[in-house]
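Participant: My questions all concern the structure below.
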Amino acid sequence: MCAGEPGLDAVAVMTPNHRHFDDCRTVLEAGLHVVCDKPLTNTLEEACALAALAAARGRIFCLTHAYAAYPMIRQARAMVAAGTLGALRAVQVEYLQAGMSQRVEDGPLTAKLRWKLDTAQSGPSLVLGDIGTHAEQLLRFVSGRRIARLSADLGAVVPERKVQDWGAFLLRMEGEVHGTMTVSQALAGAENAITLRVFGERGHLEWTHARSNFLTFAPHGEPVRTFSRGGPGMLPAAARLVRIPAGHPEGLLEGFANLYRDAAEAMAAAALGVPADPAALDFATAEDGVAGLAFMAAAIASQAAGGAWTEVQP
C-alpha cells in the first residue's frame, strides 16, 4: 500500500502496540501522513525516533486522543488558557473501567485480549498504555502544564494477574501545581468513568465523561455555572467542534470525527503550502506520544523504587 497506492495521502495505524513503530516508520518513509492509535510505541526511545522522523519528513502525525476533541474539553482548555481560574493550584484526573474486573484470562480470549495480555505486544504496563496515556494527555492538554515528577503505585488488583490493571499517582505539574491520578481497567461496575478537575485561585472546572456535553465552572464565592455543548458562553475553540444542536448528545464517535477533521485540515494546508488554522492543530501529535511514554517510563521507575518521587523526562 505504501509503495504505490495511487492518490494516498495518509494511513491510519491501528495495529497492536508493538507494531506501531515499524508500521508508522514505513508510512512516514513513504512520505505519507499518519494517524496512529495510542500509545505511540512501547518504549520512549522508539517514540522519540518516530517524532524525529515525522519532523524530518514534514509529515502530519495525529495520535488518537479523542477525548481531547470533545467540545467541552476544548472549552475547559480555552478557559484555563484565558486565565479564568487564575493561578492553578491543583489538578485531578481518574479513568476507571470494568472490562478486566474479572479473571478474563481464565476464559476464551478474543484476538484483542490475547495480544493485550501479552506484555511483549501490549508493552510494560497495560493500564498505562491503554488508558493512563489518555489521563496524562487530558491533564496536560487542559492545564497547559506537563507532569514534572510523580510517585507511583502500579500493579494489579485482580489476584494472580500478570499484567498491570491499576495505577495511582501523586503528581507535581510544572510550577509546583499539585495533582493526583487514578486509572484502572479492573474496577467492577465502572463504565468508562473519566473525571477531570482543575482548581485555580478563583475557582475550579469539572468535566465527567458521563455528562460529556456539560462543563461545570465553580467560581469562588459565586453561583456554580454549567456550560452546555452548543449553548451560550462557548469559546470559539470549542464552538467550532459542535456538530449538532444543543440537547442532542455528542460523544466518542463525534470526538473521533473532530480529531480526523482537524488532522485532515492540517494535511490539506500542508498540501496547499498555506498555514493551517491554529484551532485545527489542537490534536495530539507524535510529541504528545513522546510525553505519554516519558510519563510511563517515570511511573514504572517509581514503582520499581517503591513509589519514590521520580522526574519525568522533558
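The values are calculated or read from the model by the stated rules, or taken from the named source; none is laboratory data. From a predicted model like this one, the values you see are computed outputs, not experimental measurements. So basically every Cβ, Gly included, is an ideal-geometry build from the backbone, and we count neighbours across all protein chains shown.
Participant: Criterion first (at pLDDT below 95, surrounded by fewer than 20 Cβ atoms within 10 Å (Cβ to Cβ), assigned by TED's automatic domain parsing to the domain that holds D106 and farther than 21 Å from Y67 by Cα) does E160 satisfy it?
Facilitator: So E160 passes the test.
Participant: Six or more apart or on different chains, Cβ atoms under 9 Å: show the pairs whose first residue is in the stretch 27-47 and surrounded by 20 or more Cβ atoms within 10 Å (Cβ to Cβ) and whose second is in a helix (DSSP H, G or I) and of a type in the set (F, W, Y).
Facilitator: If the second residue must be in a helix (DSSP H, G or I) and of a type in the set (F, W, Y), the pairs left are V35/Y260; L40/F21; T41/F21; N42/F21; E46/F21; A47/F21.
Participant: Looking at L150, L109, which is the one that is at pLDDT below 95 and either aromatic (F, W, Y) or in the same structural domain as F199 (by TED's automatic domain parsing) (or both)?
Facilitator: L109
Participant: Then there is this: Would you please name the residue that is nearest to the chain's Cα centre (by Cα), looking only at residues in the stretch 101-140 that are β-branched (V, I, T) and more than 18 Å from A286 (Cα to Cα)?
Facilitator: Filtering the stretch 101-140 for residues that are β-branched (V, I, T) and more than 18 Å from A286 (Cα to Cα), the one nearest to the chain's Cα centre (by Cα) comes out as V127.
Participant: Determine whether the stretch 221-231 contains at least one residue that is of a type in the set (A, V, I, L, M, F, W, C) and touching a residue at least 60 places away in the same chain (Cβ under 8 Å).
Facilitator: Among the residues of the stretch 221-231, at least one is of a type in the set (A, V, I, L, M, F, W, C) and touching a residue at least 60 places away in the same chain (Cβ under 8 Å), which makes the answer yes.
Participant: Can I ask one more? What's the number of the condition T195 fails, among (1) under 14 Å from the mean Cα position of the chain (by Cα); (2) buried (at least 21 other Cβ atoms within 10 Å of the Cβ)?
Facilitator: The number of the failed condition is (2).
Participant: Also: Check off (1) without any contact (Cβ under 8 Å) to a residue 40 or more places away in the chain; (2) under 24 Å from E174 (Cβ atoms); (3) surrounded by 16 or more Cβ atoms within 10 Å (Cβ to Cβ) for A52 and give me the number that stays unchecked.
Facilitator: (3)
Participant: Whether any residue in the stretch 211-225 is part of a loop (DSSP other than H, G, I, E, B), in the same structural domain as E105 (by TED's automatic domain parsing) and within 17 Å of the chain's Cα centre (by Cα) is what I want to check.
Facilitator: Checking the stretch 211-225: at least one residue is part of a loop (DSSP other than H, G, I, E, B), in the same structural domain as E105 (by TED's automatic domain parsing) and within 17 Å of the chain's Cα centre (by Cα).
Participant: While we're on this one: Of the residues R114, R89, R140, R77, which single one is out of contact with any Ser or Thr (no Cβ under 8 Å at 6 or more places or on another chain), in a strand (DSSP E or B) and in the same structural domain as F217 (by TED's automatic domain parsing)?
Facilitator: None of the others qualify; the one that does is R89.
Participant: For residues in the stretch 265-289 being in contact (Cβ under 8 Å) with a residue 60 or more places away in the chain and assigned to a helix (DSSP H, G or I), which is farthest from R229 (Cα to Cα)?
Facilitator: A271
Participant: Looking only at the stretch 255-278, count how many residues are surrounded by fewer than 16 Cβ atoms within 10 Å (Cβ to Cβ), among the small types (G, A, S) and over 16 Å from the mean Cα position of the chain (by Cα).
Facilitator: 3
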